[in-house]
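These notes concern the structure reproduced below.
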Amino acid sequence: MIQAGLKLEQAPPIAVPFRFFLAAPLFLLLAALLLLWSGPDALAARLSPVAIAIAHLFALGFMALVMMGAMMQMLPVLQGSPVPAPRFTAAASLAGVGLGTLALAAGLAFGGQALVQAGVFALAFGFLVFVAVVLVCLARAPSQSHSVRAMWIAVTSLAVTVGFGAVLASLFGWGVSPSNPSAHSLHPGWSLLGWTGLLVVGVAYELVPMLQMTPAYPKPMVRYFGAAVFALLVLWSAALWAGNGRWGAFAVACAVGLAAAYALFAVATLVLQRRRRRRLPDVTLEFWRVGMASLILACILWGARVALPVAWPESVDILIGVLAMFGFAGFVISGMLYKIMPFLAWFHLQSLCGPGVLAPNMKKILPDASQRLQLRSQVLALALLCAAALWPALFVHAAALALGATAVLLEANMLTIVRAYRENAKQMRARPLDKSRETGG
C-alpha cells in the first residue's frame, strides 16, 4: 500500500464511510428479493414500475451509497480537504438517501403515490446535504488536480441527475407526465455517463496507479477526458431536448462519441493493469477487469443501438443497463470496497498502536479466499442477469437468487472487516503501552 501523498491525518472517523459501505449490500439484497418476487414481469419492459424500483434499489441504494461514502473518505485523504461536520453530514445524507430509496422503491413496486412523494422529498434532502458539502470540499481543495476537476463534473452531473429524476417522479408521485419525453433518456444518461462514470474515472486516476502499481494514465486522457465527456453530455441533452425526445443525427453522433470515450477509458485501464509493476495475485484486479470488459460491451451495444436504424428489441436496452450498472459500476465498486475497507481498518488500528507495534496485515483483516468466493458469485450473478435480460422466463429466478447470494457474501465480508477492526481495537486499547513496547506487540 503506497501512502506517499495521502493526508491520512485528515481522515474522518472510521464510522463515517463504514456506515455507507455496510448499508449498500442490504439494498442489493432487496433488489434481488424484489426481482425474485416479481419474476419475468420485472424484465418485460424497462420502464415498468417494478423494473424502475429494482433499478433504483441498485443505483441509489447500492451504487450511490458506496460512492458517497468513498467521496467522504477520499476528499480529505487524497485531496486534503476535510468534510465539515463529518458525522452529521454522513448521518443526514445516509438517512435521506437510504430512507428515500426505500420509500421510492416501495411506492413504485406496490403502487403507493404517498410513498413515492415521501421518497422524492427524502432523496432531495439527502442529496442536497451531500452535494452542498462536497462542493464546499472541492472548492477548498489545496490543489485543483485533474481528479478534483473530474469530481466537480461528477457532482454537477449528480445534481442534473437528481433534477431529471424529480421530473420523472412526478409521473408516479403526482400523476403529471413530463412535458418533454427526453427526460426518460437523460436521467439514466446523466446518472451513468456523468455521475457514476466520471467519478469512477476521477478515482481511477489516483487509485489505479497507487494501489494496483500501474503506470499513470496517459496525460491527454487525464487532462481532457472529463471536460470532453461533460461537453458531449450537454450537447446530447440539448439535442434530445430540442427534438422532444427524437434522436436526430447530432444526438446520435454525441451518443456514439460518449460510448467511444468510455470504451477508450476501459481499454486504457486494462492496458495499464497488464503493465503493473507488482505481479503478485490481487483479487481486486479481477473485479476491475470484469468491470472494464462489461463497460466495453455496454458501449459497443449502446453505440450500435443508437446508430443503426433497425428495430431493436427492448431486451437489448435491459441488457445494456445490466452491463453498465451491475457489470461496470457494480464490479468496480466491489473492487474499491475490498481495497478501501481493509486499508481503513488497518490505518485506524495502526493509529492505536504504540511505537514499534504493527497492526495486523490487511490480508489477515480480510483473507483473499473470502474475496475470491464473492467474486465468483458476482460473476455468476452477472452472467445470469445478462441471460435473464434476453430470456427472462428461463433465467430470472436463478439470476435473482445469484444476486441475493452475492449481496449476502459481500455484506458478510464487510462485517468480517468490521469485526476484525473492533476485536483488534479492543485488544490494543486494553494493552498497556509499556507492555506493548516490551513485547513488541
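The values are calculated or read from the model by the stated rules, or taken from the named source; none is laboratory data. These numbers were taken from a predicted model, which means no experiment stands behind them. Heads up, the Cβs are rebuilt from the backbone with ideal geometry, glycines too, and the neighbour counts pull from every protein chain shown. We work out accessible area using only protein heavy atoms, side chains counted, and drop any ligands, DNA or RNA first. Shrake-Rupley method; radii C 1.70, N 1.55, O 1.52, S 1.80 Å.
Annotations
- Residue check for V66: buried (at least 24 other Cβ atoms within 10 Å of the Cβ) and either over 23 Å from S147 (Cα atoms) or of a type in the set (V, I, T) (or both): yes
- Taking region 297-313 as the range and being aliphatic (A, V, I, L, M) and either under 21 Å from P209 (Cβ atoms) or touching a Lys or Arg at 6+ places or on another chain (Cβ under 7 Å) (or both) as the test, no residue passes.
- Being within 26 Å of W190 (Cβ to Cβ) and at pLDDT 95 or above is true of L34.
- Summed over region 266-294, the residues that are surrounded by 15 or more Cβ atoms within 10 Å (Cβ to Cβ) and in a loop (DSSP other than H, G, I, E, B) give a count of 2.
- The residue list A91, A23, A45 contains one member that is open to solvent by less than 30 Å² (accessible area, probe 1.4 Å) and either part of a helix (DSSP H, G or I) or modelled with pLDDT of 85 or more (or both), which is A23.
- Failed item, numbered, when G39 is tested on (1) surrounded by fewer than 21 Cβ atoms within 10 Å (Cβ to Cβ); (2) within 22 Å of P188 (Cβ to Cβ): (2)
- Applying a threshold of 9 Å to beta carbon distances and a minimum spacing of six or more residues, or different chains, the list of pairs starting in region 237-252 at a residue that is more than 16 Å from W302 (Cβ to Cβ) and β-branched (V, I, T) and ending at one that is open to solvent by less than 30 Å² (accessible area, probe 1.4 Å) and not in a helix (DSSP H, G or I) is empty.
- Every condition in (1) modelled with pLDDT under 95; (2) open to solvent by 10 Å² or more (accessible area, probe 1.4 Å) is met by G335 except one, and the failing one is (2).
- Selection of helices (runs of 4 or more DSSP H) fully inside region 140-254 by the criterion of at least 3 residues being surrounded by fewer than 21 Cβ atoms within 10 Å (Cβ to Cβ) and among the small types (G, A, S) returns 146-174, 219-242.
- Residue in region 247-255 that is more than 25 Å from S182 (Cα to Cα) and at pLDDT 90 or above present: no
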